[in-house]
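A.B. asks: Take a look at the following structure, please.
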Amino acid sequence: GILAVTAAARRADRGPVWLPRVNLAEAKALPGVALEPIESLAELRGDGTACVGAGDARAEEPRDANGHAPPPDLADVRGHAVARRALEIVAAGGHNLLLIGPPGAGKTMLARSLPGILPTLAADQSVEVTTIHSVAGRLPPGAGLLRHPPFRAPHHTISVAGLVGGGRGPYPGEASLAHRGVLFLDELPEFRRDALEALRQPMEEGTVSVARIGGSVTFPSEFSLVAAMNPCPCGYRGDRLRCRCADDLYARYWSKVSGPILDRIDLVLGIPAVPVEELLSKPAGESSAVVRGRVLSARAAALARGGSGRNAATPASDLDRWGPLGATEAGLLRHAVERFGLSARGVLRVRRVARTIADLAGSSHVRAEHVAEALQYRMPAHAR
């Protein structure tokens, strides 16, 4: 948590900060604070230590602390044109995504490709994200600022406190460690029901409040949720030769994921198995670098409107100003509500996704084709 301490010192214009020498590289990631590294408290009685400020010539440039292997490149993904498009929308607007398909169809590879098309963190975002990881004790020794959006993929056995925060600290959970990045939940129905329900607040508000006897703590938790699951317990629903799941077993499997959680997911996609011909002969698609260029342009358009750059966080009051609907567009939404029972939250999320699609198309207005595409990603969750 040394980064949080130095940030507080900078805000209060205090210093120098005396700190353990092993934490120096982490603390130097935040400029403008005078630092005094020491090996023990006994050194405070002497004058043998030199102040190492942010502008000291001996200070090395802090290195990135993500420590993960590079994400898969989208060029390596064969087939799945619709899923690739969905990933681009998620990256451009910060939306939530659910991938449903049989084992080995490529759900995990698609999810792990998402960080490669996300924008790097701005300076203030980098400090914010690194501070969270510092408080949680997740920064490796000698690490500097986190410059790339985090990608967190907890196991389905994780507890509520591990997912959303808690413990004796309390400490941030995976939902906060994924702040400004991606929270990937593989095998979604296998997660504890109470843990998934605890995600409602961060998915809606971008924060997590943890209450304890001594008070409450609020952690930032603004992430894109990407979840993956099989269509049924055996994974081969629709294949008459391989699926033996009875209807009641299928219903129980889906009941593990509540309606309120599904309603907070913006895009729901079926991921079919890729035919072997496409795996062996289909040419490579666009690379992550090319797709990332369009994502950056879309986020720049959202920022130019005065938003945060993530359309998923656009307040409802701003949608009428930034994405007004004409008669045709409103008619499409009205039809979806009447036919598929789209909720008020669902209508809001469709409008946000449509605004992102318009940004990717370079359009200042949300048009009927943008709403129609947003609805096609929304319908599987309601028409199932």
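A.B. asks: Test S209 against the criterion of being at pLDDT below 95, more than 26 Å from F340 (Cβ to Cβ) and surrounded by fewer than 22 Cβ atoms within 10 Å (Cβ to Cβ), and give yes or no.
C.D. replies: On the way: at pLDDT below 95: yes; more than 26 Å from F340 (Cβ to Cβ): yes; surrounded by fewer than 22 Cβ atoms within 10 Å (Cβ to Cβ): yes.
Taking the combined requirement at face value, the residue satisfies it.
A.B. asks: Checking S134 against (1) over 21 Å from N96 (Cα atoms); (2) within 13 Å of the chain's Cα centre (by Cα): exactly one of these is not met. Which one?
C.D. replies: Only one criterion in (1) over 21 Å from N96 (Cα atoms); (2) within 13 Å of the chain's Cα centre (by Cα) is unmet by S134, namely (2).
A.B. asks: From T120, T130, which residue is touching a residue at least 60 places away in the same chain (Cβ under 8 Å) and among the hydroxyl-bearing types (S, T, Y)?
C.D. replies: On the way: T120 fails: touching a residue at least 60 places away in the same chain (Cβ under 8 Å).
Exactly one of T120, T130 is touching a residue at least 60 places away in the same chain (Cβ under 8 Å) and among the hydroxyl-bearing types (S, T, Y), namely T130.
A.B. asks: Right, here's the next one. So which of R264, R252, R310, R294 ends up being over 23 Å from P102 (Cβ atoms) and out of contact with any Leu (no Cβ under 9 Å at 6 or more places or on another chain)? Reasoning before the result, please.
C.D. replies: Numbers: R264 fails: out of contact with any Leu (no Cβ under 9 Å at 6 or more places or on another chain); R252 fails: over 23 Å from P102 (Cβ atoms); R294 fails: out of contact with any Leu (no Cβ under 9 Å at 6 or more places or on another chain).
The unique qualifying residue is R310.
A.B. asks: Kindly list the number of the only condition in (1) in contact with a strand residue (DSSP E or B) (Cβ under 9 Å, 6 or more places away or on another chain); (2) farther than 30 Å from R264 by Cα; (3) at pLDDT 75 or above; (4) open to solvent by 60 Å² or more (accessible area, probe 1.4 Å) that fails for R11.
C.D. replies: Answer for R11: the failing condition is (1).
A.B. asks: Quick check: anything in segment 212-225 over 20 Å from the mean Cα position of the chain (by Cα) and under 30 Å from A122 (Cβ atoms)? Full working, then the answer.
C.D. replies: First, the residues of segment 212-225 that are over 20 Å from the mean Cα position of the chain (by Cα): 212-217.
Those left that are additionally under 30 Å from A122 (Cβ atoms): 216-217.
Scanning segment 212-225, I find at least one residue that is over 20 Å from the mean Cα position of the chain (by Cα) and under 30 Å from A122 (Cβ atoms), so the answer is yes.
A.B. asks: I need every pair where a residue in segment 221-243 that is under 24 Å from L87 (Cβ atoms) has its Cβ under 9 Å from the Cβ of a residue that is polar (S, T, N, Q) and part of a strand (DSSP E or B), sequence separation at least 6 or different chains.
C.D. replies: What qualifies is S221/T207; E222/T207.
A.B. asks: Let me ask another. Would you point out the residue of segment 117-143, among those that are part of a helix (DSSP H, G or I) and open to solvent by 20 Å² or more (accessible area, probe 1.4 Å), that is farthest from G93 (Cα to Cα)? Give the derivation first.
C.D. replies: Within segment 117-143, the first condition is being part of a helix (DSSP H, G or I), and the residues that meet it are 117, 123-135.
Subset that is open to solvent by 20 Å² or more (accessible area, probe 1.4 Å): 123-125, 127-128, 131, 135.
Details: A123: 20, D124: 19, Q125: 17, V127: 22, E128: 20, T131: 24, V135: 28 Å.
Per the criteria, the residue is V135.
A.B. asks: When you go through L163, L146, L241 one by one, which is the residue that is over 23 Å from R349 (Cα atoms), part of a loop (DSSP other than H, G, I, E, B) and open to solvent by less than 50 Å² (accessible area, probe 1.4 Å)?
C.D. replies: Step by step, each of L163, L146, L241 is checked, and only L146 is over 23 Å from R349 (Cα atoms), part of a loop (DSSP other than H, G, I, E, B) and open to solvent by less than 50 Å² (accessible area, probe 1.4 Å).
A.B. asks: Next up: Kindly state which helices (runs of 4 or more DSSP H) lie completely within segment 169-208 and contain at least 2 residues that are among the acidic types (D, E). Steps first, answer last, please.
C.D. replies: Numbers: elements: 174-177, 193-197, 200-205.
Helices (runs of 4 or more DSSP H) meeting the threshold: 193-197, 200-205.
A.B. asks: Let me ask something else about it. Tell me, yes or no, whether segment 256-267 has at least one residue that is in contact (Cβ under 8 Å) with a residue 40 or more places away in the chain and open to solvent by 80 Å² or more (accessible area, probe 1.4 Å).
C.D. replies: Yes, segment 256-267 contains a residue that is in contact (Cβ under 8 Å) with a residue 40 or more places away in the chain and open to solvent by 80 Å² or more (accessible area, probe 1.4 Å).
A.B. asks: List the residue pairs whose Cβ atoms are under 9 Å apart, where the first residue sits in segment 365-384 and is modelled with pLDDT of 95 or more, the second is of a type in the set (D, E, K, R) and open to solvent by 60 Å² or more (accessible area, probe 1.4 Å), and the two are 6 or more positions apart or on different chains.
C.D. replies: E373/R85
A.B. asks: Of a type outside the set (K, R), outside any loop (DSSP other than H, G, I, E, B) and free of Cβ contacts under 8 Å to residues at least 24 places away in the same chain: does that describe L296? Don't jump to the end; show me each part of the working.
C.D. replies: Numbers: of a type outside the set (K, R): yes; outside any loop (DSSP other than H, G, I, E, B): yes; free of Cβ contacts under 8 Å to residues at least 24 places away in the same chain: no.
When the stated conditions are applied, L296 does not pass them.
The values are calculated or read from the model by the stated rules, or taken from the named source; none is laboratory data. What you see is a predicted model; the values in this text were computed from it and never measured. We place every Cβ from the backbone using ideal geometry, glycine too, and count neighbours over all the protein chains shown. Please note that ligands, DNA and RNA were not included when accessible areas were found on the heavy atoms of the full protein model with its side chains. Shrake-Rupley method; radii C 1.70, N 1.55, O 1.52, S 1.80 Å.
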